Amino acid sequence: QVQLVESGGGLVQAGGSLRLSCAASGRSFSGSAAYWFRQAPGKEREFVADINWNGMNTFYGDSVKGRFTISRDNAKNTVYLQMNSLKPEDTAVYYCAADRYYIPVPMATMIDYWGQGTQVTVSS
């Protein structure tokens with residue numbers, strides 16, 4: 001079992017930056033893949049980025065590629081999402097997720113563990 005708690009969301013102007021954190025507890029997080037998804041009002045949950053257990057493999061959704069960076073610190077049981085050049089269309093609730101399997105292009109239904117989400121709002 002893995003518990004996930006996101007933090008770092010907030011209100012930022014377009015062009016600004018935020019860094020989200022996802023603190024994990026429970027067994028075997030350091031051996032798990034980690035994911036970020038987001039969900040805007042009225043839209044489906046969208047894949048943002050993922051990282052394998054040791055950080056050597058990452059993958060990004062097309063809408064964030066080149067602007068967002070995922071990383072992890074297994075010593076701190078924490079995954080990060082650095083978001084730069086934010087746009088109003090990045091406004092959403094951002095969710096951290098984890099799974100024992102690394103799936104580069106996952107569907108949300110494939111992922112076992114989820115946090116409660118953190119709101120990111122980008123003003124124009």
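Tell me the net charge near Tyr35. Cut-off is 10 Å between Cβ atoms, Tyr35 excluded, with +1 for each Lys or Arg and -1 for each Asp or Glu.
Numbers: positive: none; negative: Asp50, Asp99.
Cβ neighbours under 10 Å give a net charge of -2.
Can you tell me which of 39-49, 80-90 comes out highest on packing, and rank the rest after it, using the mean Cβ neighbours within 10 Å? Walk me through the numbers before you get to the answer.
On the way: 39-49: 14.9, 80-90: 17.6.
Ranked by mean Cβ neighbours within 10 Å, highest first: 80-90, 39-49.
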Original post:
Over the chain, what percent of the accessible surface lies on carbon and sulfur atoms, probe 1.4 Å?
Top reply: 49 percent
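With the Cα gyration tensor of the range 25-64 giving a ≥ b ≥ c as the square roots of its eigenvalues, does the rule (a/c under 1.5 for rounded; else a/b larger than b/c for prolate; else oblate) give rounded, prolate or oblate?
Details: a/c = 5.16, a/b = 1.68, b/c = 3.08.
Cα axes put the range 25-64 in the oblate bin.
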**OP:** Find the centroid of the Cα atoms in the range 42-104 and in the range 1-31, then give the distance between the two in whole Å.
**Re:** 9 Å
Original post:
Can you put Asp99, Asp112, Asp62, Asp73 in order of accessible area, largest first, using a 1.4 Å probe?
Top reply: Asp62, Asp112, Asp73, Asp99
Original post:
Separation between the Asp62 and Lys43 pseudo-spin-labels, each 7 Å from Cα along Cα→Cβ, expressed in nm?
Top reply: 1.4 nm
**OP:** Evaluate the distance, in nm, between pseudo-label points positioned 7 Å from the Cα of Arg27 and of Tyr101 along their respective Cα→Cβ axes.
**Re:** 2.0 nm
**OP:** Check the straight Cα-Cα distances from Lys65 and name the lysines below 16 Å, setting aside those fewer than 8 residues away within the same chain.
**Re:** Lys87
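The values are calculated or read from the model by the stated rules, or taken from the named source; none is laboratory data. On a predicted model such as this, the values are computed, not experimentally measured, just so you know. Every residue, glycine as well, gets a Cβ built from its backbone with ideal geometry; the counts of neighbours run over all protein chains shown. Protein only, heavy atoms only, side chains kept; ligands, DNA and RNA dropped before computing areas. Shrake-Rupley method; radii C 1.70, N 1.55, O 1.52, S 1.80 Å.
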